[in-house]
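What follows is one structure encoded as structure tokens, with my remarks underneath.
The values are calculated or read from the model by the stated rules, or taken from the named source; none is laboratory data. None of the values given here were measured: they were computed from a predicted structure. Methodologically, a virtual Cβ is constructed for each residue, glycine included, from the backbone with ideal geometry; neighbour enumeration extends over all protein chains shown.
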Amino acid sequence: MLCFGCCHWKKNSQIVQQEYLRTLLRQIRLDAGLRQLDLAEKLGQPQSYVSKYESGERRLDLLELRQVAKRLGSRYKTSFANSRVL
């Protein structure tokens, strides 16, 4: 089977989008004046939960992303909805 690079482009695009989302989540947390520990407590999770998704060690599913957005405040939900990532 021949590959003309389209599968690599798609993978690279997904990686860029994942990095953008991680950066966005971290910046929103910082803009809200929250430490990783503060947000983790709001989520009922250990601090490592926030650290791992911000570093890319784990990915959030849609339900988890929704909870993070909710804990960061409703004004951030719009940011996610209007983002070119989602």
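Of all residues being among the charged types (D, E, K, R) and surrounded by fewer than 17 Cβ atoms within 10 Å (Cβ to Cβ) in segment 28-53, which is nearest to Gln18 (Cα to Cα)? Just the residue, please.
Quick first cut of segment 28-53, residues among the charged types (D, E, K, R) only: 29, 31, 35, 38, 41-42, 52.
Within this subset, residues satisfying the condition of being surrounded by fewer than 17 Cβ atoms within 10 Å (Cβ to Cβ) are 31, 35, 38, 41-42, 52.
Working: Asp31: 20, Arg35: 21, Asp38: 23, Glu41: 24, Lys42: 23, Lys52: 13 Å.
Applying the filter and picking the extreme gives Lys52.
How many residues does segment 10-23 hold that are in contact (Cβ under 8 Å) with a residue 24 or more places away in the chain and among the small types (Gly, Ala, Ser)?
First, pick out the residues of segment 10-23 that are in contact (Cβ under 8 Å) with a residue 24 or more places away in the chain: 17-22.
Now drop any that are not among the small types (Gly, Ala, Ser), which leaves none.
Going through segment 10-23 one residue at a time, the tally reaches 0.
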* Those residues of segment 48-62 which are farther than 15 Å from Gln27 by Cβ and part of a helix (DSSP H, G or I), in sequence order -> Ser48, Tyr49, Ser51, Lys52, Leu62
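Tell me which residues, restricted to segment 38-85, are of a type in the set (Ser, Thr, Tyr), modelled with pLDDT under 95 and closer than 18 Å to Gln14 by Cα. Reasoning before the result, please.
We begin by selecting, within segment 38-85, every residue of a type in the set (Ser, Thr, Tyr); these are 48-49, 51, 53, 55, 74, 76, 78-79, 83.
Narrowing further to those that are modelled with pLDDT under 95: 74, 76, 78-79, 83.
Passing the criteria: only Ser83.
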* Taking interchain pairs and intrachain pairs at least six residues apart, which have beta carbon atoms under 8 angstrom, with the first residue in segment 24-50 and closer than 11 Å to Val68 by Cα and the second among the β-branched types (Val, Ile, Thr) and surrounded by 13 or more Cβ atoms within 10 Å (Cβ to Cβ)? -> Leu25/Val68; Arg29/Val50; Leu39/Val50; Leu39/Val68; Ala40/Val50; Leu43/Val50; Leu43/Val68
